[in-house]
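**Q** Submitted below is the structure of interest, expressed as structure tokens.
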Amino acid sequence: MRRIPLHPLVDYWGRPGPLEWSAVFGRSAPLVVEIGFGRGEHLVRWAQASLDRNVVGIEVAWASIQRALRRIRQAGVTNVRILYANAEWALYYLWPRASVERIVSLFPDPWPKARHVHHRLFSRRFFLRAHRVLQEGGTLLLATDDPGFVEWSLAECPTPGFEARVETYRGELRFGTKYEMKWYQVGRTFFVVEFRKTDPLDVPEPEWPPTMRIYQFTEPFDPSRWQGPDQWSDGDVVVVFKEFVWDPARRVGLWKTVIREDTIVQNVWIEVRWVGDRWRLLPSDGCKFLPTYGLQKALDVLAESLKGREFGSLADG
């Protein structure tokens with residue numbers, strides 16, 4: 001099996017603050033974004049047709065990312081990068097304000113059942129976060145075959161803030177994606193909704209922890225007897241400590257931790273490790289993590305469970 005080069009895959013794990021996209025691409029150029037690119041057909045064609053643009057694809061399915069990386073390699077395009085991330089989170093945290101020219105989402109899952117509506121992409125919060133990163137006059141485009149999803153998205157769209165234009169088509173392929181082809185073959189009608197940023201909206205900047213506080217202490221400690229917490233919650237954020245694994249030979253303990261906040265779920269390992277002459281409590285190097293409020297609270301809660309110890313803190317950029 002030939003190895004797939006991973007250079008288009010952007011490494012943002014553990015880094016607070018928006019990315020410097022000119023550094024990511026090695027050049028300054030207008031930024032365009034595709035959310036949920038599936039097998040990457042449109043993403044690669046868009047990059048090929050837009051050599052004067054920096055093209056970013058966002059996807060949460062690892063199998064789709066693998067297929068897209070193959071297409072990128074085969075096409076030889078160099079102006080495309082991929083984010084393995086939740087799209088709404090990524091738009092809010094990884095781009096500076098007014099830095100994106102166009103955002104496209106082609107045939108996202110409409111989550112038609114009422115109990116699944118909260119999974120839909122084009123919620124009011126999504127519009128607000130997209131508005132923040134779009135340039136003046138920038139556009140957000142939705143393509144779908146689901147008229148109910150169109151109506152719901154139009155109702156969620158903040159006005160003033162965006163102007164929406166709806167177009168329908170049938171009997172032709174415009175984007176060449178898997179789902180467009182599928183619905184084209186059964187004669188579906190398609191809807192394209194373009195939301196153009198017009199009026200300003202008051203969308204706050206994201207709050208990143210300026211540094212992740214990790215803990216160290218020197219007192220005698222037997223991790224094998226550590227009775228940690230079960231969970232912590234403030235209503236908006238839930239942290240669940242699933243299990244603790246202790247390796248006495250390496251003097252490393254790992255807490256399997258699930259953090260639910262905002263639109264993301266993080267499954268991370270938090271470790272306590274003997275380093276030099278002290279114990280350290282921090283996210284494990286072996287997992288990918290986002291430096292969020294929820295992760296910081298997980299560290300704080302575990303530290304609080306080690307009562308009676310004097311802690312020092314370290315800055316982990």
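**Q** What are the residues in region 256-303 that are among the aliphatic types (A, V, I, L, M), in contact with a Cys (Cβ under 9 Å, 6 or more places away or on another chain) and without any contact (Cβ under 8 Å) to a residue 24 or more places away in the chain, if any?
**A** none
**Q** Return the residues of region 154-172 that are exposed (fewer than 12 other Cβ atoms within 10 Å of the Cβ), not acidic (D, E) and not in a loop (DSSP other than H, G, I, E, B); say none if nothing qualifies.
**A** A155, R165, T168
**Q** Is it fair to say F221 is among the aromatic types (F, W, Y), outside the structural domain of L282 (by TED's automatic domain parsing) and outside any strand (DSSP E or B)?
**A** Criteria not met by F221.
**Q** Another one. Looking at (1) modelled with pLDDT of 90 or more; (2) of a type in the set (D, E); (3) crowded, with 17+ Cβ neighbours inside 10 Å, which one does E261 not meet, given that it meets all the others?
**A** (1)
**Q** Might you check whether a residue that is in contact (Cβ under 8 Å) with a residue 24 or more places away in the chain, part of a strand (DSSP E or B) and farther than 30 Å from V10 by Cα occurs anywhere in region 237-255?
**A** No, because not a single residue in region 237-255 is in contact (Cβ under 8 Å) with a residue 24 or more places away in the chain, part of a strand (DSSP E or B) and farther than 30 Å from V10 by Cα.
**Q** Just to be sure before I move on: is T168 under 24 Å from W46 (Cα atoms) and in contact with a His (Cβ under 8 Å, 6 or more places away or on another chain) in the structure I sent?
**A** Spelling it out, it is not the case that T168 is under 24 Å from W46 (Cα atoms) and in contact with a His (Cβ under 8 Å, 6 or more places away or on another chain).
**Q** If you don't mind, there's one more thing I want to ask. Which one of these does A298 not meet: (1) surrounded by fewer than 16 Cβ atoms within 10 Å (Cβ to Cβ); (2) in a helix (DSSP H, G or I); (3) not basic (K, R)?
**A** (1)
**Q** Taking V193 as the residue in question, decide whether it is surrounded by 17 or more Cβ atoms within 10 Å (Cβ to Cβ) and in a strand (DSSP E or B).
**A** Yes: the conditions hold for V193.
**Q** Scan region 1-57 residue by residue and report those that are of a type in the set (A, V, I, L, M, F, W, C), at pLDDT 95 or above and either part of a loop (DSSP other than H, G, I, E, B) or over 16 Å from V100 (Cβ atoms) (or both).
**A** Passing the criteria: A29, F37, V44, A49, L51.
The values are calculated or read from the model by the stated rules, or taken from the named source; none is laboratory data. This is a predicted model, so every value here is computed, not measured. In this analysis, Cβ positions are derived from the backbone assuming ideal geometry, glycine residues included, and neighbour counts consider all displayed protein chains.
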